1. Does segment 189-253 come out rounded, prolate or oblate by the C-alpha gyration tensor, with a ≥ b ≥ c the root eigenvalues, rounded set by a/c under 1.5 and, if not, prolate when a/b is larger than b/c and oblate if not?
2. Can you tell me the accessible area per residue over the chain, all protein chains present, probe 1.4 angstrom, in square angstrom?
3. Could you tell me whether segment 233-385 comes out rounded, prolate or oblate from its Cα gyration tensor? Rule is a ≥ b ≥ c as square roots of the eigenvalues, rounded for a/c under 1.5, then prolate if a/b exceeds b/c, otherwise oblate.
4. What is the set of long-range amide H partners of V346 at a cut-off below 5 Å, with H atoms built 1.01 Å from backbone N?
5. Using a Gaussian network for the chain with springs between C-alpha atoms less than 10 Å apart, which of these wobbles most: S127, S237, S201?
6. I'd like the accessible area for L312: 1.4 Å probe, protein heavy atoms, all chains in place, Å² to the nearest 10.
7. Multiply the residue gap between D211 and Y141 by 0.36 nm, knock off their C-alpha separation, and tell me the result in nm, one decimal place.
8. Tell me, what ³J(HN,Hα) does each residue in segment 367-384 have, in order and in whole Hz, if you take phi through Karplus 6.51 cos²θ - 1.76 cosθ + 1.60 with θ = phi - 60° and put x for Gly and Pro?
Amino acid sequence: MPHYNRSLASKLPNVGTTIFTVMSRLAQEHNAVNLSQGFPDFDCDPHLQELVTKYMKAGKNQYPPMAGVPELRDAIAQKIAALCGTAYDPETEITVTPGATYAIYTAIAALVRPGDEVIVLEPAYDSYVPAIEVHGGTAVYVALSFPDYRCDWEAVQRAITPRTRMIIINTPNNPTSSVFSAADMDALARITRGTAIVILSDEVYEHLVYDGARHESVTRHPDLSQRSFAVYSFGKSYHVTGWKMGYCVAPANLMAEFRKVHQFNVFTCMSPVQYALAEFMQDPQRYLGLARFYQEKRDYFRDRLRESRFTLLPSNGTFFQSVRYEAISDEPDSEFAMRLTREHGVAAIPLSAFYHQPPGHKVLRFCFAKTEQTLYKGTEILRRL
Ligand code: PMP
Ligand code: GLN
């Protein structure tokens, strides 16, 4: 039985436990104000909870269709048409997923083969690279500039080779809070025109864009929409990160490949929640009001930190605020983040967690999706450092 002698070689030898789990656990252990992992510390709209109960009691408790209940896919199609002017066919181009992480993983699983290259802009959300590598692909890194975190599209163009299968973008961006402009999207369209490169666009913070700016979605762009997967998360839009619900949209040829994987992985997602979300989506104010809601939190958090020794970086989108801390410590960011949690009682995410080779910048990310009370408590500590 030769296989009994084979040692278990990990497919992901360099992967440990995600920084979000590590920091939230440490925050709990030390009873710290948890501004690390991105989730609201306030509850969702009680009406949304009532809707789930309503559909559960109405017997919507068996397998829904593989791509998601038609009511929800219709609501998604209507929303994209209204916001971006693009018609996605709910029958063939929209799939409801158990969260955006799953949608990202599935798009990569459906397309990336051993030997393929995927261009990743760094710092990058931490699920992208393991998903590429577990399917035998190679991540090709292009660094966003520091400290303004802009994309050098010429550098992206230089990174393209005949093996480039995909480019992953994330706007608004986690962890940097930067957002792409229409010019960025045009540049991406220009460098990928005439190629077979597919774009995977992580747009989970689509409604969290501040100061009156518009979210630039691939779905809005006539060129990019033809060759992009775009992924979204109800967790971010409706304060229900624990529900793990999201969706993916793509042209029919790409979505057909996506569903080949999806049907044998999860097959479908929780039925009463889908019906509830479909009904809840009927009022667009529920997502259109989010930018104002979170911008107030951002402004409160920034105002409170202005009198600290942290240097605030711009936060143009997402519910994160990054800060430089050179004036406080010269420790590497992961050490500083740990000590801040243990000794001072505030947890943050070190930006090095989002790089394959940390560049040595001294930057922490705080999440401001918290009540004013939590933000007050956290910033009281941070202002004293
Ligand atoms: N992409 C980014 C950039 C995120 O910040 C997150 C979540 N926090 C996700 C994807 C995952 O979303 P979900 O919880 O719906 O899987
Ligand atoms: N996306 C969230 C963040 O950036 C965390 C998600 C997770 O814990 N996997 O903090």
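The values are calculated or read from the model by the stated rules, or taken from the named source; none is laboratory data. These figures come from a predicted structure and were not determined experimentally. Quick reminder, even Gly has a Cβ in these numbers, built from the backbone with ideal geometry, and neighbours come from all protein chains shown. Side chains included, ligands, DNA and RNA excluded: accessible areas come from the protein's heavy atoms. Shrake-Rupley method; radii C 1.70, N 1.55, O 1.52, S 1.80 Å.
1. Numbers: a/c = 3.23, a/b = 1.57, b/c = 2.05.
Verdict is oblate for segment 189-253.
2. I get 44 Å² per residue for this part.
3. Working: a/c = 2.64, a/b = 1.72, b/c = 1.53.
Note, shape of segment 233-385 comes out prolate.
4. Counting only residues 5 or more places away or on other chains, the set is V33, T341.
5. For the chain, modelled as a Gaussian network with Cα springs under 10 Å, the answer is S127.
6. So the heavy atoms of L312 present about 40 Å² to solvent.
7. Net length gain for the segment: 22.2 nm.
8. 9, 9, 7, 9, 5, 4, 4, 5, 5, 5, 4, x, 6, 4, 6, 5, 5, 8
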